[in-house]
Amino acid sequence: MNEVADLRITSVWVYSRKWACFSGVPIVSEGFARTSGKDIVVVKTKPELLPIKPAVGQHWRITGVSTSRIAAHGDFKVNEHHFIDPERCEVTLPHDGENFIRFIAKEKDFRGIGEVKARELWQAFQSSIFNLLQQKDISRLTKILSEQSAQSLIDGFQKYANLKYSTWFSDRKIPPYIQQKLFKYHKENSVQSIIDNPYRLVTFGMPFKAADAIAIESFDIPFGDIRRLIGSVEYALKKHSKSGGHTVASHQDIHSSVWTLLGSKELASQALKIADIGKSYFIDSETGSYHHTPLLVMEKVVAKRLLTLNCREDGTSLEFDLAYAEACKELPYSLTSKQTDAVLTSLASHVSCITGGAGTGKTTVLRTVLKAYSHMGYDIKAIALSGRAAMRLHQSIGFTTSTIAAFLRQEPIDTDSKCIVVIDEASMIDLPTMYKIVAHTNPAVRFLFVGDYHQLPPIGAGLILADIVKSGVIKNTELDIVQRQDSASGIPCYSQSIKNGEIPEELSIGHIHFHDVALDDVAVKCVELYSQFPLGSQVVAATKKLTHDINIQCQNSINANGQRLEFEEFGERYRTDLLLNDPVLFTKNNYDAGVQNGSLGRLTSLAQTADSHGLVKLDDSHDEIVITRALLDSLEAGYCITLHKAQGSQFKRVIVALSSAKMLDRAWLYTAVTRSEDELHIVGSQECFEKSVRSLSAHHKRQTHLAYLLQQ
């Protein structure tokens, strides 16, 4: 039997991708008796089922089945009422004085308003405060609050007031994660926006079939309704983009998908002829291609900025020559003619590229370019996508570097003074990320792209570096002569052969060792090789399944007797897959903790405190990271990682696990091979290796529009 509990949150235990756990004190109790104020309501559910992120001070109504028990909290015993996966979680607003005061004083959305001011508000306006907030009557509020605090109060109230519609959405089976997006964009008009067009749910991330069922069942939308037809095309475009990173599609690319969604060939043909009235997509009348509007806007913004920079001219040849001469004084050897061209082009251009494979001297050129820019008084912003790549960039060039995410959290560059943004490992940058970088910088800021467009394409949509090079409009100096042979390693030349689609004459040569084994034996061989020299070794694989299998086997082989990381939560004991001294990988950004998605380290301590489950020592910075409950869900074994996690990083000894995965093409293999600094082991069948070398890279199959826009 369902019970109802109204509570004020006093503690948020966990809010991660998997779980949200919070607790609070009852306000009104319908389902259980409250005894002497010693009751606590504990809620554990999936975060996507909550309308907003829980926070201390919020008021919630929980509906579902609860279990009760008496538990010790310090020196006190309290009645805990546990709601595990409740049927419904709703945010409510307080209606009496003391609860209003606590809510305003505790909730972070009402910054600058403490308990004293909250009490003054209630004493002055009583329950009419809610009408003032609804009417946004800032003039009366400023009699007690500053204008900034009054606006903060109005904005915060509006956020919670909109949540009164969550029941309406829940009754129509619209999940909370979609509700959150609707409230953020449409605010108090959220309900009306869906009544007007239920297929807006597709725009906000709901699968078409689910939105279609809601539209037909709750709003009686006919099968041939234009809103339904447009919604199917929009969803097909989003699906096409997600499946291959495409930013544009042809009629043929999405016809079968639209047909399947609508269940009618005739309706599909009709839908694909409709230019979306709501402008969620655009049909190019000349080419007949289909563009999802957000992606088209981003490509146009990026193209416009790059073309504007490309046309700019300032400075003098003498200024560049003097800066170049100063930078060259610090070099231990002379640059080649191609490297010199790269430096001078980068100095003379407001936007340019330096590309090339492993060992071709990109780092030397970049270091020289940036020293020259420094001599000319430029503010240098050197950024890379991953934390490891940013750290390696800093070690290579000697200038301050940061991740792109950290750069975007800083104040925007809104000055037109001398500034250059250097994007290293630019092949990893997708369209949305580049759009954010452009939006974050003044139009006068220079850009320098550095990378290797033959590597894996970005995970997200777009193909920024490859499109820039392909356009032939932006100046690009490609360094194609291997300068760093690393004497006996042979890796640069080996990788060049793979990049060119050529099978290396010898599969094992120098520090490269090819292990010809059946695909079923790849994991076992990788574990054997890793076990020989665990420190400094890194296994990379294509799929999460193979990565997981190798991690389990490595752990059993190398660290089987390690103490397991366990923790207690709400009186229950949980076991993780991690053991003391395991290498570990963080799979989610947590900037407060100082880790990024892809950070690697080692589990060095299991010492437990109220706020910690142990320590991880990071490989790059050697910082010790406290494992909080929130971090625990983003931590996994790191003996083996997927290549996408390794991209942008290099390791002394790399073991490449081949497989029959579809993504195993020339770009994948080339990227994997170039992760090694000194010693390389390739494990798999010769047939699989040769097939990968001959298979065209994924970026050849990705359909994008940026190169075309740059050429116009």
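So how do 199-211, 282-294 stack up, highest first, on mean other-Cβ count within 10 Å? All intermediate terms of the calculation are to be shown ahead of the outcome.
Values: 199-211: 20.8, 282-294: 15.5.
Result, highest mean first: 199-211, 282-294.
When only C-alpha pairs under 8 Å and at least 6 residues apart count, what is the relative contact order of the chain, in percent?
It comes to 10 percent, rounded to a whole number.
For the chain, the longest principal axis of the C-alpha atoms and the axis of helix 208-219 are separated by about 30°. For the pair TRP168 and ALA105 in one chain, pulling the backbone fully straight at 0.36 nm per residue adds 19.8 nm over the alpha carbon distance. Each peptide in 497-507, 544-554, 426-436, 515-525 receives the mean, over its residues, of other Cβ atoms within 10 Å, and ordering these scores from highest gives 426-436, 544-554, 515-525, 497-507. The H on the amide N of GLN58, modeled in the peptide plane, is under 5 Å from the matching H of ILE9, each at least 5 residues off or on a different chain. Once both labels are positioned 7 Å from their Cα atoms along Cα-to-Cβ, the gap between GLN711 and ASP379 label points is 3.7 nm.
With a Förster radius of 41 Å applied to the beta-carbon distance between LYS53 and LEU580, the computed FRET efficiency rounds to 0.80. The string of couplings for the stretch 56-63 from the Karplus curve (6.51, -1.76, 1.60, θ = phi - 60°) is 4, x, 5, 9, 10, 10, 10, 10 Hz, one whole number per residue in order, with x for Gly and Pro.
A straight chain from LYS691 to VAL626 at 0.36 nm per residue would run longer than the Cα-Cα distance by 19.0 nm. Can you compute the FRET efficiency between LYS181 and GLU98 using 1/(1 + (r/R0)^6), with r the Cβ-Cβ distance and R0 = 41 Å? Round to the nearest 0.05. FRET efficiency, LYS181 to GLU98: 0.75. I need the shape label for the stretch 310-450. Rule: rounded when a/c is under 1.5, else prolate if a/b > b/c, else oblate, with a, b, c from the alpha carbon gyration tensor. Cα axes put the stretch 310-450 in the oblate bin. For the Cα trace of the stretch 3-162, dividing Rg by the Kirkwood Rh returns an Rg/Rh value of 1.01. Compared with the direct C-alpha span, the chain from ASP611 to ILE70 gains 192.4 nm at full extension, assuming 0.36 nm per residue.
Remark on the chain: hydrodynamic radius 29.1 angstrom, per the Kirkwood mean of 1/r across alpha carbon pairs. Within the straight-line cut-off of under 16 Å between alpha carbons, the aspartates and glutamates reachable from LYS77 are ASP39, sequence neighbours fewer than 8 places apart in one chain being disregarded.
The dipole here belongs to the stretch 3-162: it is taken about the Cα centre, uses +1 on the Cβ of Lys and Arg and -1 on the Cβ of Asp and Glu, and is about 360 debye. Hey, what angle do you get for helix 317-328 against the long axis of the chain, alpha-carbon based, 0 to 90 degrees rounded to 10? The angle comes out at about 80 degrees.
Extending 7 Å from Cα along the Cβ direction at HIS251 and again at PHE533 yields two label points whose distance is 5.9 nm.
Legend: residue pairs LYS304/LYS499; LYS173/LYS544; LYS436/LYS545; LYS106/LYS164; LYS381/LYS436; LYS106/LYS136, Cα-Cα distance threshold 24 Å; pairs beyond threshold, LYS304/LYS499; LYS173/LYS544; LYS436/LYS545. How high is the relative contact order of the stretch 197-284, in percent, counting Cα pairs under 8 Å that sit 6 or more residues apart? With pairs under 8 Å counted, the relative contact order is 27 percent. Contact order for the stretch 113-171, expressed relative to its length and based on alpha carbon pairs under 8 Å spaced 6+ residues apart, stands at 30 percent.
In degrees from 0 to 90, rounded to the nearest 10, what is the angle of the helix 544-558 Cα long axis to the longest principal axis of the chain? Relative to the chain, helix 544-558 is tipped by roughly 80 degrees. Once you have a ≥ b ≥ c as the square roots of the Cα gyration tensor eigenvalues for the stretch 337-420, tell me rounded if a/c is under 1.5, and otherwise prolate or oblate according to whether a/b is larger than b/c. In terms of gyration-tensor shape, oblate.
Readers should treat all values here as calculations from the given coordinates under stated rules, not as data from a laboratory. Computed from a prediction, not measured in an experiment: that's the story for all the values here. When we count neighbours, we look across all protein chains shown, and the Cβ atoms used for this are built from the backbone with ideal geometry, even at glycine.
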